[in-house]
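Laboratory data are not the source of any read-out in this text; all were calculated from the coordinates shown. Small disclaimer: the values here were computed from a predicted structure and weren't measured.
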């Protein structure tokens, strides 16, 4: 399968991305839709999940990506590998995360990862960044008690902003007050490999969903 060439930056506020996704029929997507779910937000080419899914057949994996050609490519690889616990979905999480999470079987969201999101450096573009307070609140609402939320970036200011927004939510507790030295998952992303190969730092943080009974 030929590697698809796509734009690196996609403006999530553009008109073409303002229609919320229609959630799929999860019974048709997964062999067992009630298995615990790992959600990877901004999955790019999906290489992380394509390697994670065979390692954990007892879990389902869902990758969300705003660049449709990458989603088509990733699902093509999924089909070739005959993985029935993995799916990639084209959507904009800013308006589609809520209907997606609401459509899932109750109590399946166990893990979520946000890895190397577009940094959008310019001040006027900060509202395009992926992790807004509303997204954190949705993850906290639907994630099971004890569930894990992992983030990483090679841009310190972006990592600090993401970490601060998650720290501000009462349902999430940070695993360590310092950046994690290693990735808690066995598979690195392509960006992570490239960053470490050039001896540059990766800023990582892990959170756990606290009890909703205070």
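Along the principal axes of its C-alpha atoms, what lengths does the stretch 33-209 span, in descending order and rounded to whole Å?
That works out to 40, 37, 31 Å along the principal axes.
Could you give the length gained on full extension between residue 187 and residue 164, defined as 0.36 nm per residue of separation minus the Cα-Cα distance, in nm?
Working: separation 23, 0.36 × 23 = 8.28 nm, distance 2.53 nm.
So the extension gain works out to 5.8 nm.
Classify the stretch 14-113 as rounded, prolate or oblate from the Cα gyration tensor: take a ≥ b ≥ c as the square roots of its eigenvalues, call it rounded if a/c is under 1.5, otherwise prolate when a/b beats b/c and oblate if not.
oblate
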